[in-house]
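Right, one structure below, let's go through it.
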Amino acid sequence: MGKVPPSFRPAISSSLTRKLPLEIPTPNHIPEKITKKKPPQHSRKPQASSASGKAKTLFKSPDLSSAKKVFNYIVATTKSSIDLRFHNPSCNPMPQSPPSMTPSPFFITWSKPNHFNMMVNNGLKPNQVTTDIAIRSLCEVGRIDHAVELVKELSLKQFPPDTYTFNFLVKNLCKCRTLSTVYGFIDDMKRSFDIKPDLVTYTILIDNVCNSKNLREAMRLVGVLNESGFKPDCFVYNTIMKGYCMLSKGSEAIESKEARKYLDILVESGHLPDAVTYTSLMNGMCREGNALGAVVLLKEMERKGCTPNSCTYNTLLHGLCKCRLMEKGMELYGAMKSAGMKLETASYATLVRALCREGRVAEAYDVFDYAVESKSLNDVAAYSTLEVTLKWLKKAREQGLAV
Amino acid sequence: MLPQRLKKTITDNPKKLANLIDLVNLPSPVREFVGQSQISRLGCFMRVWSYIKENNLQDPNNKNLVNCDEKLKSILLGKSRVELAELPALIKLHFPKVPKSAT
């Protein structure tokens, strides 16, 4: 049945990551930002700044032995002035270099005993930024077990991770380990280091559990959340609604009714449903074949002052085409086209297919042209879809399934 | 369903992708039409399609049909009328068939 447009899922996760502060930027930007935002170390010895400047450029090469040599040289010559600013960028050469085999063992040998011990021995304590970079880089290369180990080791040494690092780790654990492992980790951190899961942690768990279509567990987590004294916020509700809507299939409107209830709960608890909320609900309704209801929802959404975004329109277009409501679909497409809105891969494919099914091949070509012109898709993707659809059309015509 | 199959067509299938975008030495009719000695199947399609649009070769009564002029006939099997639906298939004929080896 209809699939959730790929950009939809990040809408949820980007709403989660919105909670991350700017000081802990994404790994690719870390070297620059760290050197600017590092607060305490105001002892701006010229050697230090030149060292950190050098660090950024020197460690760009993926060649591990030469980088090591360079580092040792710098350490030996500028002993007194090495501060945290140098170490933080040097902890993170890895995301800069191309994904070759060597960086990961390189990084591991760095961030594990040697480097941190060296830092501690030089009187510098790894701070939360260091921990964060280390964890993120480890997760990026898939060394998630090392990341967990590192966090525990650091927590033992009185350098506990902050909530952002903790949540990031939880999120990655959810992606590649079983749920019980994740729960185990959380319990461990709570017992040993008094690091408690917060609202964001719970939302991550609920999201993950919903993706595995385990709504019962999701509801149990909501219960736990309430017991821990947290009030579910917009993100939690959106996640739950998305969970219900993903379950939707077939002609029974059960799931979307449940999701609809949550919309009301959300409003009652004083939160404002946003575009994401409405889009997930629309998606659920479309999956159940109720595209017209989704259109009505669009109007309701606008009435309540919530501006639909590109994802909303794409979801709706996809739903209308799947439900074969081509008149409305083309109307919507026309509106999107005049607004210069980009098409998503799923809605583009569905639209082309729906048009071909009705024998409107020239219009399908038109959509192809628009997709290429608006750079919604690259040439290859747009053309491949068209070609595949036309091939399908030929067969369908032979079988009498299309005009 | 369709989007998933598509992902397999494009990204997971490097052979098919190469088939589409690799430059190929062309037989003379196509070479004349395109004005280049090499072109990819994708590039060729884009050229033909824009040629059709620029010269208004679509039948005004039925835009799904194309009335071929002499140039177009030379590469579309001499047909004077062609359906838009068959355009990619016709163009594909000019391009070497990739032997299907055990995947």
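Laboratory data are not the source of any read-out in this text; all were calculated from the coordinates shown. Treat the numbers as computed from the prediction; the structure is a model and nothing was measured.
Distances between placed amide hydrogens fall under 5 Å for B:Val24 paired with B:Ile39, B:Ser40, all partners being 5 or more residues away or on another chain. Using θ = phi - 60° in the Karplus curve 6.51 cos²θ - 1.76 cosθ + 1.60, the 3J(HN,Hα) couplings for region A:221-238 round to 5, 4, x, 4, 4, 4, 4, 6, x, 8, 9, x, 10, 3, 5, 4, 4, 4 Hz; x is entered for Gly and Pro. Under 5 Å from the amide H of B:Asn64 lie the amide H atoms of A:Ala362, each residue being 5 or more positions distant or on a separate chain, with H modelled from the backbone and absent for Pro and chain starts.
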